[in-house]
């Protein structure tokens, strides 16, 4: 059981590293492995929210789709808002704020037929403050 928990944490961290490096599809893939076997409903919702944020960034930046990115961010927000601050060691308040700023900008870009979200507006997944 301890091995399974350690492997789960390692996979979760690989997802975070991939996301932070801009490899959003890869992050989504790591987290999906955990999500598929997670039994705790709150943890499952948390993971699904992270998957949706990563998928939104992939859809926007690689697939050039603003509408899909906004829909995914909306779905992710509804999941992550229901999760306690610090879940997964993450600063969820900051992530949710970043997601809202990104969504507003994505909507503006979409109206202009653009998908070039500034790197500083990509939602951050940072460690929760102690």
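If you scan segment 63-76, which residues turn out to be crowded, with 18+ Cβ neighbours inside 10 Å and either farther than 16 Å from residue 45 by Cβ or without any contact (Cβ under 8 Å) to a residue 24 or more places away in the chain (or both)? Listed by number, the residues that qualify are 65, 66, 69, 70, 72. For segment 90-108, the set of residues classified as assigned to a helix (DSSP H, G or I), out of contact with any helix residue (DSSP H, G or I) (no Cβ under 9 Å at 6 or more places or on another chain) and touching a residue at least 24 places away in the same chain (Cβ under 8 Å) consists of 94 only. Residues that are in contact with a strand residue (DSSP E or B) (Cβ under 9 Å, 6 or more places away or on another chain) and either part of a helix (DSSP H, G or I) or at pLDDT 95 or above (or both): does segment 51-74 have at least one? The answer is no; no qualifying residue exists.
Check off (1) buried (at least 21 other Cβ atoms within 10 Å of the Cβ); (2) over 20 Å from residue 127 (Cβ atoms); (3) without any contact (Cβ under 8 Å) to a residue 24 or more places away in the chain for residue 7 and give me the number that stays unchecked. Of the numbered conditions (1) buried (at least 21 other Cβ atoms within 10 Å of the Cβ); (2) over 20 Å from residue 127 (Cβ atoms); (3) without any contact (Cβ under 8 Å) to a residue 24 or more places away in the chain, the odd one out for residue 7 is (1).
Here residue 41 qualifies as under 23 Å from residue 128 (Cβ atoms) and either surrounded by fewer than 13 Cβ atoms within 10 Å (Cβ to Cβ) or in contact with a helix residue (DSSP H, G or I) (Cβ under 6 Å, 6 or more places away or on another chain) (or both).
The values are calculated or read from the model by the stated rules, or taken from the named source; none is laboratory data. All values derive from a computational prediction rather than experimental measurement. FYI the Cβ positions are ideal-geometry reconstructions off the backbone, even for glycines, and counts take in every protein chain you see.
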